[in-house]
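Please treat every number below as a calculation from the coordinates, not as lab data. Predicted, not measured: the structure shown is a model, and the values here were computed from it. Using ideal geometry, Cβ is built from the backbone for each residue, glycine included, and neighbour counts are taken over all protein chains shown.
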Amino acid sequence: MSPKGVHAKTAAALAALTLSFTGVVLTPGVTATESGQDFTSQAVANGGDGKFPVYRIPSIVQLNNGDLVVSYDGRPSLRDAPNPNSILQRRSTDGGRTWGEQTVIHAGVPGAQKQGYSDPSYVYDAEKNILFNFHVYSKDAGFFQSVDSDDDAARNVMSAEVSTSTDNGKTWTHRLITNVVKPKGITGTFATSGNGIQVKHGKYAGRLVQQYIGTDSAHNGYAYSVYSDDHGATWHAGNRIGNSFNENKVVELSDGRLMLNSRNWGDGVGRLVAISDDGGVNWKNQYLDTALVDPEVNAGITRMNPQATSGKAAKELLFTNANNSPYNWQIDVDRKGQWINRITGNVRYSCDNGATWPVSRVYHYGPHAYSSVTALKDGTFAVAYETKTDKEIRVGTFGREWLKPFCANFAPASVSLGAGESTSVSVTIRNDDDVALPAGSMRLTGLPENVSSELVATPALKPGESATVNVKVTATKDIVADTYNVDATLEAGQYTLRGSVELKLTTPELIALTVAGERSDYTRDIMAKPYQAGEKLPFHWSIVNNTSNTLHIDGAKGPKGTEIESCSGDIAPGTTMWCSTSGYVVSEQEAKQGYLDATLTLTYTQGDSQVTYPVTRFDQNLGKRRMLPAAPTPQPTEQPTQSPTPAPTASPTATPTAAPTAVPTTAPSPTAAPTASAVPSASPMPSASPMPTGRAALKPSPLPSSKGSGKVAFAGNSGASHHGSLAVTGVAGGLVLVAGGLVAAGGALRSGKLRDYLHRR
C-alpha cells in the first residue's frame, strides 16, 4: 500500500516535472540474460488466468523441505482494500523451475457485506517449521478510511490477520491480531508485504519479526515491528519510529542488530533506514540512503548468507526494487498510454551491512513494481516481482555468477557547477575485495538534463589499493539549480561499480513565483468516462510566493480566456494562493485528441507596473488513449580521456545510449491508477545495468523544479510546444516565474495525496 501516495516534497518536485518525462513507450520484451549463469524467470500469475483479472503484491520464501512458495493478491479489480481480494499461493518443489496449481490461503467475499484479504507477507519459523502469512482483512474501510479502533466487528475498521500453517503451507488457520498491531492513536495499519524474518544469531535468535506501517489522523507514517518469542503463540508490537515511513522491510545484520529499510513518505528520493539494537522493539539512527534510488515503491531486502556468522559473508545483503527516480516517468502501453515511474527491476549488492551499495544489476526492463527477495539453500537467490501493470507476478532466480558482486568503496565526492561551465570532480575508489579490479573507465551517470560527463580511464587496482580519477562534467546555460545525487559509474572488466556524487548546480537567483496546476474532478474515472466535447472541465492552480516580499495578484485568465475564481489579492512570502475554474468547455478538437493545453495567464503588480503574462501550460488529460512514441536521438560514442591516475590497459569506448525525446501525452492525474507492474521490453537490452537518466535531487526543494527535465520551453512563448518541460521565464520588472506541473507545490494538497493513495499503491 502507499499511504501517502505522492508526498508533499515529491509532489512539489513532480509539479515541475509533469512535462519532463522521457517520452519512451514501454513495449513487451525479454528477461535479462547472459551467457553462463543467467537470470531466468517465469510467470506464476497472469491476469485473466486462474479466475482473477488482476494479480499484485508478491511474497516469497523457501521452507525447510526445499519447497519454494510464493503468495500474492488475486483481485477482481485494480482496487486496494476495501475490495474482495484474496490471498493466493503457488508452490515449486524444484527450486522455481516448475510451479504447482494456484491455491487459496484466504478467499475474499464479494457483496454488500464484502470481506477482503490482501498484501501478504511471509514469516517462516524454521526452528518449528511454522509458516505465517500476515495480511490485511478489510470490510468497508481501507487504510485512510479506517478509524481509531481495534474492533474487528466494526466495518469501518481495517483489521489485521495472520494465517498459520504447520504443514508447509498446505492448510491454514486464521487469526485476527488487530488489537496487538493497532495501538491507540493509529487509524490505519497493515503488515508491509513481502517478508518478515526469523532472527538467526545472537541474543534474540529465534525471534519472529514482521514490519508494520501505521498512520494517525494527521496522516503521518510510522514504522514498527510486531514480534514473537514463542513461535507465534503470542505477538507484541514494538515502539514506533516516524513520521515519514511507509512500507518497510527488516534484515538481520552481522553484528546482531536489525536494519529497517523503508519506502519514503518524507523528504528526498532514497530509502529511509533505521537500526534496532534490541530485536525490533525500538528503532533509532534514522537516515536517508540516497544510494538506493527509489520511485516510492515497496522493495525487498535479504541477507545473502543467512547462516554466516562472521567475515564478509555475514555482511552481504541484497536489495531489490524499481531502480528509477520518482521524477522520471515513461509511457506504459499496458496502462493505455498512462505515465508510470515504476520501471527497471534492479538488484543491488552490499558487502558492509548496507552502508554502501557498489553493485547494481538489472533483471527486468520495463514496468516493475513490488518485489520480494530471498536467499535459497543452494546458494542462489529468488525474487518475486510485479510485471505487466497490475496483472502479472513473476519469479526469477539468479546466482553470484550473474550478479558479479565486488566489494569496493567510493569516498564521498561533491562538485559545484554553474550554468554554462565545465569542471572536474575527483572520485576516489578503493578495492576492498580479495581479487584485483581490472582497468576500466568511469563517468557520471544519472545526470539531470543539460549536464554531461566525459568518460575517463581508470587503472587496475589490487586488493587494498585506491585510485583517484578526475571526471569532467559540463553544464549548459539551461540547467535547473538544485542539489542532485548522481552516480560515478565504473566499468571494469566484468564488473560495474557505482558510487555517489553530490552535484550542486547553480544559477542566478531568479525564481519569484511557482505555479502548479491540477484537474479537480477527483471522483471521475476519466479512463472509463473520458470527457466529451461540450462538457465542462474543472481544474485549479496554486501560486506560491518564493520571495521575501508580499506580492499582489490582480487576477488571472484560464485557457481561451476562461474566468478564474478567487485569484486576486496579496500573497505573503512563503504562502500559497489558490485559483480555480469550473467553467472551461472542452472543444471537439480537444475531445478528439484526448488532451488540452491549459494555460494560466496571471496579472500582477511589480513596483508601479502591472504585468500580464502566461505563466503555466500543461497537457491536461481528458481520458483518451494517446500513443506518441518518440524516436530516440542517438548520442555520439566517446573515447575515455586520460585521468591523472596510472594509465589503463585499454581505452574503452562508452556504450552509446538513446536519449529519448520528451513527448508527454498526458500528465498523471489523481484519479488515475498508475501503479506499475512490469511489461517486458522487445528491444535488445545491454548486459550491464542501464543508467537512469532523470536522477532526482538529493534534497528536493519544497517548490517545484525542473530536474530531470526534457527540452525546455518558455511558458509564455506562443510558439513553444506543449511537449517538454517549462523553464524559468523572464518578465518585466525582474519578476521571474517557474511554471508547469499537475500537482500543487509544498504540502498544500494533502487531500490530493489521499485521493492518489486510493488509486496508486
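Some points to look at:
- Within the range 574-593, backbone nitrogen closer than 20 Å to the virtual label 7 Å beyond the Cα of Thr523 toward Cβ: 580-584
- In a fully extended conformation the segment linking Glu421 and Lys536 would gain 36.6 nm over its present Cα-Cα distance, using 0.36 nm per residue.
- With neighbour counts taken as other beta-carbon atoms within 10 Å, the residues Ser441, Ser466 rank, fewest first, as Ser466, Ser441.
- Under a 5 Å amide H cut-off, with hydrogens placed 1.01 Å from N, Ser416 pairs with Lys504 among residues at least 5 apart or on other chains.
- With a Förster radius of 25 Å applied to the beta-carbon distance between Ala411 and Ala308, the computed FRET efficiency rounds to 0.35.
- Alpha-carbon centroids, the range 466-519 and the range 244-278: separation in whole Å: 26
- Separation of the Glu127 and Ala154 label points, Cα + 7 Å toward Cβ, nm: 3.6
- Per-residue packing, averaged as other Cβ atoms within 10 Å, sorts the ranges 43-52, 105-114 into the order 43-52, 105-114, beginning with the highest.
- Length gained on full extension, Thr428 to Arg175, computed as 0.36 nm times the residue gap minus the Cα-Cα distance: 85.7 nm.
- Reach of Lys529 by Cα under 19 Å, taken over aspartates and glutamates that are not fewer than 8 positions away in the same chain: Asp334, Glu518, Asp521, Glu588, Glu590, Asp619, Asp756
- His236 versus Val585: modelled label distance in nm, points set 7 Å from Cα along the beta carbon direction: 6.9
- Counting only aspartates and glutamates at least 8 places from Lys477 when in the same chain, those with an alpha carbon closer than 19 Å to its own are Glu421, Glu449, Glu454, Glu509.
- Computed from label points 7 Å out along Cα-Cβ, the spacing between Glu565 and Asn168 is 6.5 nm.
- Cα centroid separation, the range 139-215 to the range 551-608 (Å): 47
- Set Lys200/Lys315; Lys182/Lys391; Lys128/Lys315; Lys249/Lys315; Lys536/Lys557 screened for pairs whose C-alpha atoms are more than 19 Å apart: Lys182/Lys391; Lys128/Lys315
- Rel. contact order, % - alpha carbon contacts under 8 angstrom, at least six apart, the range 26-166: 17
- Here Tyr204, Tyr365 are placed in order of increasing Cβ neighbour count within 10 Å, fewest first, which gives Tyr204, Tyr365.
- Listed peptides 244-255, 535-546 by packing density, highest first (mean Cβ within 10 Å): 244-255, 535-546
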